[in-house]
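Beneath this line is the structure, given in structure tokens, with notes to follow.
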Amino acid sequence: MEDFLVLVLSSVAVIIISQLLKVLLNLTWRPYAITKWYREQGILGPDYKFMKGSNEEIRNLKLGAQKVPMDVNSHDFTPRVLPHYHKWMSLYGRNFLFWFGSMPRICITDMELVKQILSNKSGWYPKSDPHPTLLTILGKGLVLIDGPDWARHRRVVNPAFTIEKLKMMTRKMTGCAKSMIEGWENQIAQEKSKQAEIELHKYFLELAADIIAHTAFGSSYIKGKEVFLSQKELLTLAIATLFNVRIPGFGYLPTPNNRKRWSLDKKVRTTLKQIINERMKSRDGGYGNDLLGLMLETCMAGGKENDKNRMTMDEIIDECKTFFFAGHETTSHLLTWTMFLLSTNQDWQEKLREEVSQECGMEVPDADILAKLKLVNMVLLEALRIYGPVLQALRKASQDMDLGTIKPLMGTSIAIPIAMLRHDKEIWGPDADKFNPLRFENGLSKAAKHPNALLSFSIGPRACIGQNFAMLEAKAVIAMILQRFSFSISPNYIHEPIDRITLQPKFGLQVILRPLHA
């Protein structure tokens, strides 16, 4: 018996030692070999630091850049938000190698290569492995999954975003916006000056959560908004731990951050499970026309022909998490930055108000009217270009391959600094840092030197499925605000865009609202 125990313990010890040696080699020899491989191709970058990679330098550069004040009329925020890209591009060229912890990451800024990566349909460039807390926030939904699972989820979710369904959702969007606007009107009515300073970013976060809760969960929207609060806490946790050294297996230890992440995830999953179970019990001839109802309808339909569309309860929960976070996080920031640009460009504010007045007067706009607002659309596209919520896209090489003249090794992460490309003067011209909606006058494909340069909703097969939803929502809200208010930037506003996974105003957006009608 003792000999057997000695043998077992010896075997376990051998396994542990071999695994530790493997980890040690990955943290020492492997980075050296990878660096040498890319240097031979002319791709340089900052030196690898044991376990930390480039994370410490990125963190320090960001902290230093945030101390530099910005003028309210300046839109060149990239040196402040992405200072490491600025520094390394100036030192090593437009394509370079850096390290996210122990993982190699090459930056690609050539638009043709970017198009090749994002448009690939063969699965050669899947999504990069996400941070554990971001995975908790989004779940294994459309944003993060790949391959056959992604294709299956996409088939199930597609019907929720047809033109007919979006037209139906417009009523819920305008209804939620009307409630917000009436609250502002009541607040202004109590002011002697008949104007009020409103912190718009906070309201837009709540509005976007309200809209996605209504359109995704229908009558269960109040419980849906509980998900929003938990995801906000998870986002704060993700930001605080993003550049920490990630030790293999550490995510399974009951540290304070891990326990908090597990607790919030359990709360989100429990809430969503309750919503789903209630819908399945209370259905009357169907599961409903919202996103959740359409997923359940597709998944629960009988017949072998529907087996390819089946999703488990966990998969439905993950898709709900994905759409709730993506649906409120990105649209709220688009609304915020659009209102900032209109507040500081009064001439364009008047142009848009005139267009809205001409097309719908004081009527609540429907989807057909919103489609006619060409100037509003141009301004939204320019807001996406200058202050688009998504700052970068991450992919990875699924195998050793050729990418133009670059030969990425399997497993190398590929960083596409979208914000840098949207401010690139070689792509957008000398006025790349200026607010100029007229660049979109002849359509999206002719606005820059490359037809796919905007990238706000990505391109190719993985383009955002909710982009029409987001643009419709933004048009509806902006049109309704223009109908009722004139507005200007408050002297209390501090212009400090910040990277909180998405691009946000650090101190909110304070705007002076004045009613146009008594």
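The values are calculated or read from the model by the stated rules, or taken from the named source; none is laboratory data. None of these values were measured; they are calculated from a predicted model. Cβ coordinates were reconstructed from backbone atoms using ideal geometry, including for glycine residues, and neighbour counts include every protein chain displayed. We work out accessible area using only protein heavy atoms, side chains counted, and drop any ligands, DNA or RNA first. Shrake-Rupley method; radii C 1.70, N 1.55, O 1.52, S 1.80 Å.
Observations on the structure shown:
- Normalised by residue count, region 129-244 yields a Cα convex hull volume of 140 Å³ per residue.
- Of the Cα atoms belonging to region 48-160, the radius of gyration and Dmax stand at 17.7, 48 Å.
- Within a straight-line Cα-Cα reach of under 17 Å, LYS172 can be paired with the following aspartates and glutamates, leaving aside sequence neighbours fewer than 8 residues apart in one chain: GLU164, GLU182, GLU206, ASP210, ASP290, GLU363, ASP366, ASP368, GLU473.
- Relative compactness, region 171-216, computed as alpha-carbon Rg over 2.2 N^0.38 Å: 1.28
- Note that the chain, at 25 °C in a medium of 0.890 mPa s, gets a Stokes-Einstein diffusion coefficient of 99 µm²/s from its Kirkwood radius over C-alpha pairs.
- Amide hydrogen neighbours beyond the local backbone of ILE406, cut-off 5 Å, H modeled: none
- Each semi-axis of the equivalent ellipsoid for region 350-501 is √(5λ) with λ an eigenvalue of the Cα gyration tensor; in descending order they amount to 34, 18, 15 Å.
- Distances between placed amide hydrogens fall under 5 Å for ALA393 paired with ILE416, ILE418, all partners being 5 or more residues away or on another chain.
- Apportionment of accessible area to carbon and sulfur, the chain, percent (1.4 Å): 56 percent
- Under the Debye formula (equal points on every Cα, no solvent term), log10 I(q)/I(0) of region 417-518 at q = 0.11, 0.16, 0.19 Å⁻¹: -0.50, -1.04, -1.31
- When you count the other C-beta atoms within 10 angstrom of each residue and take the mean per peptide, 494-503, 479-488, 62-71, 35-44 line up highest first as 479-488, 494-503, 35-44, 62-71.
- Here the Kirkwood formula puts the hydrodynamic radius of region 330-376 at 11.5 Å, using every distinct Cα pair.
- For region 61-135, the solvent-accessible area with a 1.4 angstrom probe is 43 square angstrom per residue.
- For region 98-150: rounded, prolate or oblate by the Cα gyration tensor [a/c cutoff 1.5]: oblate
- Averaging the sequence gap over all C-alpha pairs within less than 8 Å and six or more residues apart, then dividing by the number of residues, gives region 450-518 a relative contact order of 27 percent.
- Probe 1.4 Å, all protein chains present, accessible-area order of MET168, MET111, largest first: MET168, MET111
- Cβ-defined net charge surrounding PRO69, 15 Å radius [Lys, Arg +1; Asp, Glu -1]: 0
- Relative contact order of region 114-247, defined on C-alpha pairs under 8 angstrom at six or more residues apart (%): 26 percent
- Total lysine pairs whose alpha carbons fall under 22 Å of each other in region 38-116 (8 or more apart, or interchain): 6
- Kyte-Doolittle at least -0.5, axis length at least 18 Å by Cα - qualifying DSSP helices, the chain: 2-27, 163-189, 200-217, 221-241, 313-343, 374-387, 467-484
- Magnitude of the charge dipole, the chain, Cβ model with Lys/Arg +1 and Asp/Glu -1, debye to 20: 740 debye
- Tally of Lys pairs whose C-alpha atoms are under 21 Å apart, taken over region 387-518, 8 or more apart or cross-chain: 6
- Gyration tensor over alpha-carbon atoms, region 35-109, equivalent ellipsoid semi-axes in Å: 26, 15, 8
- log10 of Debye I(q)/I(0), alpha-carbon scatterers only, for region 362-437 at 0.17, 0.20, 0.21 Å⁻¹: -0.81, -0.91, -0.94
- Summary of packing: across the peptides 403-413, 325-335, the per-residue average of other C-beta atoms within 10 Å ranks them, highest first, as 325-335, 403-413.
- Both the radius of gyration and Dmax for region 277-403 are 21.2, 59 Å, in that order, over alpha-carbon atoms.
- Over all directions, the projected convex hull of the C-alpha atoms in region 128-167 averages 3.5 nm² in area.
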